[in-house]
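Colleague: The following block contains the structure, expressed as structure tokens.
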Amino acid sequence: MSRDLGLDLVEIAPQERPPVCRIMDFGKHKYLQKKKQKQGHAHELTLKEVRLRPKTDDNDRDIKMKRAIRFLGQGHRVQFTMLFRGRERQHRDIAIAQFQEIANGFAETAKMERPPKFEGRRMTMLLAPLKKAPKPQQPKQPKPAKPKPEQAQGAAMDAPIPPPSDASQEVASPSRSGE
């Protein structure tokens, strides 16, 4: 019946009893599976988050910025989130100044996708990596030739033999029979 239609008889679930078969164009089925798989990977975006507080010290902020540089280098987008508690919410200007300092530090490696925005108790800013120009490929240089095993053994035979050390001889220690 499948030959009359110009299609294939494909076994879908061979483990089942009775086995499940389907009449379909197998080539088209494989093509659609590959297309679906590629489409799923192409639109996969990763977002990494770096959390800060208005009172975060400069050294701690530098450590978090280094982590963000690593994320951007791997091609991830980075969201900086500043969390506010209590009276800290009244000092938005401090947070905006810190975010501007962070954005200026990433001017060469990232672009600001979303400027600082205050949402409830948090302020967020989103940075995305810049598209880098492809690195020019350098011509491969031939590897140096390895010495043949015969040459290596001959060189080892010609090397001087070190004198034996005195560490192999044991020194008699006084006995403790008098105790």
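Just so you know, all these numbers are worked out from the coordinates, no wet-lab data involved. Computed from a predicted structure; not experimentally measured. All Cβ positions, even for glycine, are placed from backbone atoms using ideal geometry, and neighbour counts span all protein chains on display.
Colleague: What are the pairs, 6+ residues apart or on separate chains, where a residue within region 104-119 that is on the phi < 0 side of the Ramachandran plot has its Cβ under 7 Å from a residue that is polar (S, T, N, Q) and part of a strand (DSSP E or B)?
Modeller: 117/124
Colleague: Just to be sure before I move on: is residue 107 assigned to a loop (DSSP other than H, G, I, E, B) and out of contact with any Pro (no Cβ under 7 Å at 6 or more places or on another chain) in the structure I sent?
Modeller: Values: assigned to a loop (DSSP other than H, G, I, E, B): yes; out of contact with any Pro (no Cβ under 7 Å at 6 or more places or on another chain): yes.
Taking the combined requirement at face value, the residue satisfies it.
Colleague: Considering only residues that are surrounded by fewer than 17 Cβ atoms within 10 Å (Cβ to Cβ) and farther than 11 Å from residue 98 by Cα, which ones fall in region 47-56? Break it down stepwise before answering.
Modeller: Here is the first cut: in region 47-56, the residues surrounded by fewer than 17 Cβ atoms within 10 Å (Cβ to Cβ) are 47-49, 51, 53, 55-56.
Of everything in region 47-56, those that are surrounded by fewer than 17 Cβ atoms within 10 Å (Cβ to Cβ) and farther than 11 Å from residue 98 by Cα turn out to be 47, 48, 49, 51.
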